[in-house]
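The values are calculated or read from the model by the stated rules, or taken from the named source; none is laboratory data. This structure is a prediction, so every number in the text was calculated from the model and none was measured. Glycine also receives a Cβ, built like all others from the backbone with ideal geometry; neighbour counts cover every protein chain displayed.
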Amino acid sequence: MEKVHFGVIGAGHIGKRHAEMVMRHSEAELSAICDIRSKEDCLVEWDVPFYNRVEDMLNAHPEIDVVNVCTPNGRHAEHALLALDAHKHVVIEKPMALNKADCEKIIYSALNKSRQIFGVMQNRYSPPSVWIKEVIDRQLLGEIFMVQINCFWNRDDAYYNKVNWKGDLELDGGTLFTQFSHFIDIMYWLFGDIQNIQARFRDFKHQHNTDFEDSGFVSFDFVNGGIGSISFSTAVDRKNYESSMTILGSNGTVKIGGQYMNEVEYCDIRNYQMPELPEANPANDYGTYKGSAANHVYVIENVVDTLRGTRQIATNALEGLKVVDIIERIYHSANRQLKEQEKTSVQAESE
């Protein structure tokens, strides 16, 4: 059977992980990699054609079936549209784009070209995520009263200084996009859309190297009923603390926790015996910091299987759009420039 050919745009940590997962798959083949930096600067040691322009890669490799977009957040839409114009299926790292309008452009182009868009939300493959999805779908918790999400991580100066796009509003977009969109995706996947959003943001430790807040409180109502909240921060000292979701329902209470929402810490559901879950994959280890679960192997498997017609797409384009839409509405619900006013106010009071 003809292999599925991939081209990867972006040769940073995530781009190289995508490339590695493609090369491991027996039914996939890596045709080329593209990055604006040199192959040596990207530390790419594989014997794979390397390009500095997306157009050059696409023109040189008509056999490419799928393009994996692993560039800075603010370039996702641009590169996805280039791939779609070349009639390629597209895998887009989170987030799909930095605004709903760009997501709509991607979906419109994909529909016109009859191509598939695969969102990368690999935390859905973690055993606790698979388990809680079944619990919610079977309504074992009954009516959902409250959902509380806590995401408390560490991102230090080394993180922002090493890669110049991180912390930049135009390319990064903000902490909810870059660090915590995985958990907003899990929330939407389980409980649906939100409304009546209220938020507060602060920048405690990153005023000197980011354009946006590092911490926030968000409260809202679920359209389907119940209330929810998200508390997030990258100002935790030295190392990540937790990513957790606590769910209170009429039939019980569940908490999924650990550093990456990778452990079931509490389960009390009426007339239910919790099964033993497989061990979750470890977090992606980038040396100076760690990210979400190392589940990209399942993403590539889903792409190949979907194009073969043996499985359905795991994270479709509309779900990717909704995550961006939710984050965009959260950010629009409060003045993200309050930190400047707060700093001015604090300075005035000290004088």
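Descriptive notes on the structure:
- Of the residues making up segment 238-259, just one is at positive phi and in a strand (DSSP E or B), namely GLY252.
- Once segment 264-283 is narrowed to residues that are modelled with pLDDT of 95 or more and part of a strand (DSSP E or B), the residue that is nearest to ARG124 (Cα to Cα) is VAL264.
- Any hit, segment 74-81, residues being part of a loop (DSSP other than H, G, I, E, B) and of a type outside the set (Asp, Glu): no
- Residues considered: THR253, THR234. Of these, the only one that is more than 26 Å from ALA314 (Cβ to Cβ), in the same structural domain as LEU141 (by TED's automatic domain parsing), touching a helix residue (DSSP H, G or I) at 6+ places or on another chain (Cβ under 7 Å) and in contact (Cβ under 8 Å) with a residue 12 or more places away in the chain is THR234.
- Residue identified as at pLDDT 95 or above and either under 21 Å from ASP172 (Cβ atoms) or touching a helix residue (DSSP H, G or I) at 6+ places or on another chain (Cβ under 8 Å) (or both) among ALA60, ALA77: ALA77
- Checking each residue in segment 143-179 for being crowded, with 21+ Cβ neighbours inside 10 Å, part of a helix (DSSP H, G or I) and among the hydrophobic types (A, V, I, L, M, F, W, C) picks out LEU176, PHE177.
- The residues of segment 180-219 that are of a type in the set (Val, Ile, Thr) and in a loop (DSSP other than H, G, I, E, B) amount to a single one, THR210.
- Taking (1) part of a strand (DSSP E or B); (2) out of contact with any Ser or Thr (no Cβ under 6 Å at 6 or more places or on another chain); (3) farther than 24 Å from LEU171 by Cβ in turn, SER26 satisfies each apart from (1).
- Of VAL4, VAL91, VAL54, VAL48, all but one fail to be at pLDDT 95 or above and surrounded by 24 or more Cβ atoms within 10 Å (Cβ to Cβ); the exception is VAL91.
- Residues that are out of contact with any strand residue (DSSP E or B) (no Cβ under 6 Å at 6 or more places or on another chain) and either in a strand (DSSP E or B) or not polar (S, T, N, Q) (or both), drawn from segment 223-237: GLY225, ASP237
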